[in-house]
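Trainee: Handing you this structure, nothing more for now.
The values are calculated or read from the model by the stated rules, or taken from the named source; none is laboratory data. On a predicted model such as this, the values are computed, not experimentally measured, just so you know. Virtual Cβ from ideal backbone geometry, glycine too; neighbours counted across all protein chains shown.
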Amino acid sequence: MPSFPTIRMRRMRDKPGLRDMVRETRISALDFIYPMFVVHGRDTRVEVPPMPGVYQLSLDHLVHEVGELYDLGIRSVMLFGIPEHKDEWGSDAYSPTGIIQGAIEVIKQTVPEMMVIGDVCLCEFTSHGHCGVLNGNGVDNDATLELLGQMAVRQAEAGVDMVAPSAMMDGQVAAIRNALDEADFENLPIMAYSAKYASGFYGPFRVAADSTPQFGDRAGYQMDTPNVREAMREIALDIEEGADMVMVKPALAYLDVLRTAREKFATPIAAYNVSGEYSMVKAAAENEWIDGRRITMEILTSIKRAGADVILSYHAKEVAEWLQSERR
Ligand code: PBG
């Protein structure tokens with residue numbers, strides 16, 4: 001093997017054109033799923049304080065925004081709904097007139113090519129803010145499965161393109177697969193939030209989705225931060241239960257989990273660049289402590305380099321705008 005001075009690694013770094021030629025990881029608008037928050041009412045567009053650039057949108061604004069995203073080259077959105085009324089059972093989640101169902105319908109009517117993914121979890125819909133229904137001891141896993149199945153079927157009836165269970169109930173993928181198949185939606189794919197950790201990085205999302213648990217925390221159902229082998233078991237189980245795609249979440253503090261999963265599984269893998277990761281970049285950039293654009297691209301590239309096929313990110317829209325302006 002030749003080495004220095006025959007080999008000079010700097011040769012291929014010397015010009016932008018050469019760096020472009022040998023770049024191993026590229027980011028495009030097609031890499032993203034853009035998460036959006038939908039509220040009831042009209043003409044509502046409320047910025048989420050810890051997440052500059054992210055809004056709670058009523059359906060009229062949602063449709064407008066989805067059209068803009070499509071023009072920017074984004075082909076997929078993920079919907080989170082904030083219902084008008086919450087109750088103990090999260091009824092709006094699986095009502096035919098629920099907020100997510102309404103949002104799916106208007107998007108499919110106006111921008112039918114946009115892939116619409118529905119989050120399947122009860123936390124935004126329950127008065128107590130937990131991801132399922134309660135019994136005396138906390139969240140009742142098996143009773144919740146039935147409701148998650150109904151929620152997925154309602155979204156399917158509204159025209160959703162994929163459902164994404166995020167409640168971290170055991171058996172949720174199988175329960176949803178069965179419910180969808182029984183309702184003749186056997187071709188509707190499931191993206192499972194398989195390795196979803198009990199993370200402090202979800203803080204700003206809980207403001208955006210108004211889903212902070214009113215007592216306790218989610219540590220009894222979401223994964224324990226230090227574990228990686230357990231994540232591989234979660235992913236393997238979800239694939240066995242019929243997941244068409246799996247997810248690692250959060251992304252940045254879990255790139256090792258993403259890389260390990262990539263090496264072990266052939267199933268498409270999504271990574272969720274979550275709200276806290278976004279807020280940290282925005283806060284530091286607003287203070288001019290970091291170069292926000294540069295760091296955003298570096299972070300997203302690292303997630304893709306670690307093995308993600310697709311990235312859920314609140315940065316997706318601005319990145320699509322940057323990419324478009326670079327092409328001009
Ligand atoms: C649960 C859900 C959460 C997120 C996505 N789906 C919150 C939670 O588990 O507390 C967090 C996403 C983010 O932080 O951006 N429905």
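Trainee: Could you go through region 287-294 and let me know if any residue there is surrounded by fewer than 16 Cβ atoms within 10 Å (Cβ to Cβ), in contact (Cβ under 8 Å) with a residue 12 or more places away in the chain and either among the small types (Gly, Ala, Ser) or touching a strand residue (DSSP E or B) at 6+ places or on another chain (Cβ under 8 Å) (or both).
Mentor: No.
Trainee: Anything in region 83-102 that is buried (at least 20 other Cβ atoms within 10 Å of the Cβ) and out of contact with any Leu (no Cβ under 8 Å at 6 or more places or on another chain)? List them, or say none.
Mentor: Across region 83-102, the qualifying residues are 83, 86, 92, 98, 99, 101.
Trainee: Restricting the search to region 41-89, which residues are touching a helix residue (DSSP H, G or I) at 6+ places or on another chain (Cβ under 7 Å) and among the acidic types (Asp, Glu)?
Mentor: 43
Trainee: Quick check on this structure: which one of 203, 129, 118 is within 16 Å of the ligand (Cβ to nearest atom) and at positive phi?
Mentor: The conditions single out 129.
Trainee: Which residue, of 213, 226, 189, 250, is modelled with pLDDT of 95 or more and within 13 Å of the ligand (Cβ to nearest atom)?
Mentor: Numbers: 213 fails: modelled with pLDDT of 95 or more; 226 fails: within 13 Å of the ligand (Cβ to nearest atom); 189 fails: within 13 Å of the ligand (Cβ to nearest atom).
On inspection, the qualifying residue turns out to be 250.
Trainee: Has region 294-306 got at least one residue that is at pLDDT 95 or above, within 16 Å of the ligand (Cβ to nearest atom) and over 25 Å from residue 192 (Cα atoms)?
Mentor: Yes, some residue in region 294-306 is at pLDDT 95 or above, within 16 Å of the ligand (Cβ to nearest atom) and over 25 Å from residue 192 (Cα atoms).
Trainee: Which residue is nearest to residue 318 (Cα to Cα), if the candidates are limited to region 73-96 and must be within 19 Å of the chain's Cα centre (by Cα) and among the hydrophobic types (A, V, I, L, M, F, W, C)?
Mentor: 74
Trainee: Being under 20 Å from the mean Cα position of the chain (by Cα), in a strand (DSSP E or B) and closer than 22 Å to residue 116 by Cα, is that true of even one residue in region 196-205? Before you say what the answer is, go through the steps one by one.
Mentor: First pass over region 196-205, keeping only residues under 20 Å from the mean Cα position of the chain (by Cα): 196-205.
Narrowing further to those that are in a strand (DSSP E or B): 196-197.
If we keep only those that are closer than 22 Å to residue 116 by Cα as well, we get 196.
Yes: one or more hits.
Trainee: Test residue 175 against the criterion of being among the hydrophobic types (A, V, I, L, M, F, W, C) and more than 20 Å from the chain's Cα centre (by Cα), and give yes or no.
Mentor: Taking the combined requirement at face value, the residue satisfies it.
Trainee: Kindly check whether there is at least one residue in region 121-140 that is more than 30 Å from residue 252 (Cβ to Cβ), out of contact with any Leu (no Cβ under 9 Å at 6 or more places or on another chain) and hydroxyl-bearing (Ser, Thr, Tyr).
Mentor: Yes, region 121-140 has at least one match.
Trainee: Name the one entry in 261, 231 that is of a type outside the set (Lys, Arg), away from the ligand (no atom under 15 Å from the Cβ), out of contact with any Leu (no Cβ under 8 Å at 6 or more places or on another chain) and in contact (Cβ under 8 Å) with a residue 60 or more places away in the chain.
Mentor: The match here is 261.
Trainee: Criterion first (more than 21 Å from residue 79 (Cβ to Cβ), more than 16 Å from the ligand (Cβ to nearest atom) and touching an Asp or Glu at 6+ places or on another chain (Cβ under 6 Å)) does residue 174 satisfy it?
Mentor: Yes: the conditions hold for residue 174.
Trainee: For residue 298, are the conditions met, namely being in contact (Cβ under 8 Å) with a residue 40 or more places away in the chain, on the phi < 0 side of the Ramachandran plot and assigned to a helix (DSSP H, G or I)?
Mentor: no
Trainee: In the list 198, 208, 179, 183, which residue meets the criterion of being buried (at least 17 other Cβ atoms within 10 Å of the Cβ), among the aliphatic types (A, V, I, L, M) and farther than 20 Å from residue 245 by Cβ?
Mentor: On the way: 198 fails: buried (at least 17 other Cβ atoms within 10 Å of the Cβ); 179 fails: farther than 20 Å from residue 245 by Cβ; 183 fails: buried (at least 17 other Cβ atoms within 10 Å of the Cβ).
208 is the lone residue from the list that is buried (at least 17 other Cβ atoms within 10 Å of the Cβ), among the aliphatic types (A, V, I, L, M) and farther than 20 Å from residue 245 by Cβ.
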